[in-house]
Amino acid sequence: WMDRNLGASRVATSSTDAEAYGDLYQWGRAPDGHEKRSSGTTNTLSFWNSPGHANFITNNTDPLDWRSPQNNNLWQGLNGINNPCPEGFRLPTSNEWEDERQTWATYDASGAFGSPLKLTIAGFRDNTSLIRYVNSAGLYWSSSPSYWNNTWSNFMFISSSQALAAYNPRVYGLSVRCIKDQ
């Protein structure tokens, strides 16, 4: 695993260390500036895998994606289309997140920060571009499309009371922690 979230300036010193929060990516998008917490916005969906601009794409219409039509293959593996991770790294799968969670002393923000990953509760950016739950929840994308709702994608949800697998619309901006194949 990388020692910090993508876009973070350092390894976290606490679960609420703002310098360790990093960026908030829409599922499947490459780093193009949209992931910055202060990026501009547009409500024009992209037909392409790369929108060609740095705006966070807002959307209030099902299936709540930044891209139309959807593409499930954008973050698959080291050579995945739009893999935002540094060379040799990729997004973890849902199963890899679950395997990691099983090693934590507690299944909550305390256990997540106490793990070698030093995970933060950086919040997320919703489908209207509002940043929510900073210092209350950490949401980390996986590369896996959701097995509960095939138009959304899976992530690891972390709060003061729980840590569990869940799924969200791909238009949301969540934290990314990369993993390297051994």
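The values are calculated or read from the model by the stated rules, or taken from the named source; none is laboratory data. This is a predicted model, so every value here is computed, not measured. Because the Cβ atoms are built from the backbone with ideal geometry, glycine has one as well, and the counts that use them run over all protein chains shown. These accessible areas exclude ligands, DNA and RNA; they are computed on the full protein's heavy atoms, side chains included. Shrake-Rupley method; radii C 1.70, N 1.55, O 1.52, S 1.80 Å.
When a/c reaches 1.5 or more, the comparison of a/b and b/c decides; with that in mind, is region 73-181 rounded, prolate or oblate per its Cα gyration tensor?
oblate
Just how far, in whole angstrom, is region 30-60 from region 113-135 if you go by their alpha carbon centroids?
Computed from Cα coordinates, the inter-centre distance equals 19 Å.
Along the charge dipole of region 64-182, Cβ charges K/R +1 and D/E -1, which of LEU164, GLN102, TRP152 sits furthest on the positive end?
Of LEU164, GLN102, TRP152, it is TRP152.
Starting at the first residue of region 160-171, write each ³J(HN,Hα) from the Karplus equation 6.51 cos²θ - 1.76 cosθ + 1.60 with θ = phi - 60°, in whole Hz, x for Gly and Pro.
Calculated HN-Hα couplings, in order: 5, 10, 6, 9, 7, 6, 8, 9, 9, x, 6, 6 Hz.
SER144's amide H: which non-local residues (gap 5+, or another chain) put their own amide H closer than 5 Å, with H modeled 1.01 Å from N in plane and none for Pro or chain starts?
Answer set, sorted by chain and number: SER94, ASN154.
Can you give the local net charge around LEU74? Use residues other than it whose beta-carbon is closer than 10 angstrom to its beta-carbon, Lys and Arg +1, Asp and Glu -1.
The answer is +3.
First obtain the Kirkwood hydrodynamic radius of the chain from its Cα pairs, then insert it into the Stokes-Einstein equation at 25 °C and 0.890 mPa s, and state the resulting D in µm² per second as a whole number.
This corresponds to a translational diffusion coefficient of 154 µm²/s.
Using label points projected 7 Å from each Cα along Cα→Cβ, tell me how many nm separate THR103 and ASN72, to one decimal.
Going by the 7 Å Cα→Cβ label model, 2.9 nm.
Starting from the Cα-Cα distance between ARG10 and TYR133, subtract it from 0.36 nm times their residue separation and give me the gain in nm to one decimal.
Going from the current span to full extension adds 42.2 nm.
Please give the per residue accessible area of the chain, computed with a probe of 1.4 Å over protein heavy atoms only, in Å².
44
Return the FRET efficiency for the residue pair TRP48, SER110: r is the Cβ-Cβ distance, R0 is 45 Å, and the value is rounded to the nearest 0.05.
0.60
Quick one: with all protein chains in place, what share of the accessible area of the chain is carbon or sulfur, to the nearest percent (1.4 Å probe)?
Carbon and sulfur: 49 percent of the exposed surface of the chain.
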